[in-house]
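The values are calculated or read from the model by the stated rules, or taken from the named source; none is laboratory data. Computed from a predicted model, the values in this text were never measured in an experiment. Here the Cβ positions follow ideal geometry from the backbone for every residue, glycine too, while neighbour counts run over all protein chains shown. Ligands, DNA and RNA are excluded from the accessible area calculation, which covers all protein heavy atoms including side chains. Shrake-Rupley method; radii C 1.70, N 1.55, O 1.52, S 1.80 Å.
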Amino acid sequence: MSASSASKEEKAIEYLEEKYDTEFEVMWSKEGSKLFEDLYGGGLITVHPKGKPEVVFTVQEDGEEYIDLYLPAKWANELQQKLEDQITSELPPGTPFKVILRNTGNDESQQKKSVEEILKTSKNASVSIIAGIQTSGIPDVNQYSQGIYNLFNLLKGLDTRQYVLSIGFVDEAEDITDYINTAYISNLPWSNLDAKVYGEVNVDFRLDPENPSSNVEPNMILSSPENVIENYESFEE
């Protein structure tokens, strides 16, 4: 690592620690492209609070300022802890998953608020659960449809404007820990993951049987666990 990049990382950490009165550690750093610096700012640095590697977010130079996504990552982790027992009860034992919050706002004045307060006051909030069910071969989606249906309704019950459930079916030999842990910042779809992924179920607020989108086919609307199977997309040729 060059002295200049180390200096950028140190300055970013100093900014975060002063702003939030919390210790942070760098996961990795990606130098900003000079060509796109005006569009995207300078270097993008991936960070987590010290002792909490599961709270992953980015901090980015923007001229003389910094843009960070710590608060949404922190609130998402709070929500994950709150919902953990409910989520794990609907998934096979050991299934890695991540709760993600977006469009919550990122105002420094909100940092003392709980995730419950944020969900009540953020009109455009979106909450997602991403989980990787690991199987020994092509999955029998029917085996997991009830759990997925229940998770969809769990998300719906949070009363956010938008909600998304993304379930990938991955070969049991694959290690997807890092993929799940960095899902908030990577936005990498299951279909682009460099691993053996059999397929996915992606369901969201547009499939709510009480208020379905007009663009959705009737058999895709989640009126029952059976409709989960209709939403399975195979990646196998």
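Annotations for the structure displayed:
- Residue in region 186-205 that is open to solvent by 30 Å² or more (accessible area, probe 1.4 Å), at pLDDT 95 or above, in contact with a strand residue (DSSP E or B) (Cβ under 7 Å, 6 or more places away or on another chain) and of a type in the set (D, E, K, R) present: yes
- Residue check for E233: farther than 20 Å from S128 by Cβ and either touching a residue at least 12 places away in the same chain (Cβ under 8 Å) or surrounded by fewer than 17 Cβ atoms within 10 Å (Cβ to Cβ) (or both): no
- Selection status of L79, out of contact with any strand residue (DSSP E or B) (no Cβ under 6 Å at 6 or more places or on another chain) and either at negative phi or surrounded by 15 or more Cβ atoms within 10 Å (Cβ to Cβ) (or both): no
- Contacts under 6 angstrom Cβ, first residue in region 122-139 being closer than 12 Å to P72 by Cβ, partner among the basic types (K, R) and assigned to a strand (DSSP E or B), 6 or more apart: S126/R102
- Restricted to region 94-129, and to residues there that are among the β-branched types (V, I, T) and farther than 22 Å from V59 by Cβ, the residue that is most open to solvent (accessible area, probe 1.4 Å) is T121.
- Among the residues of this structure, L154 counts as one that is modelled with pLDDT of 95 or more and either of a type in the set (A, V, I, L, M, F, W, C) or surrounded by 20 or more Cβ atoms within 10 Å (Cβ to Cβ) (or both).
- On the stretch given as region 104-121, residues that are assigned to a helix (DSSP H, G or I) and in contact (Cβ under 8 Å) with a residue 60 or more places away in the chain total 1.
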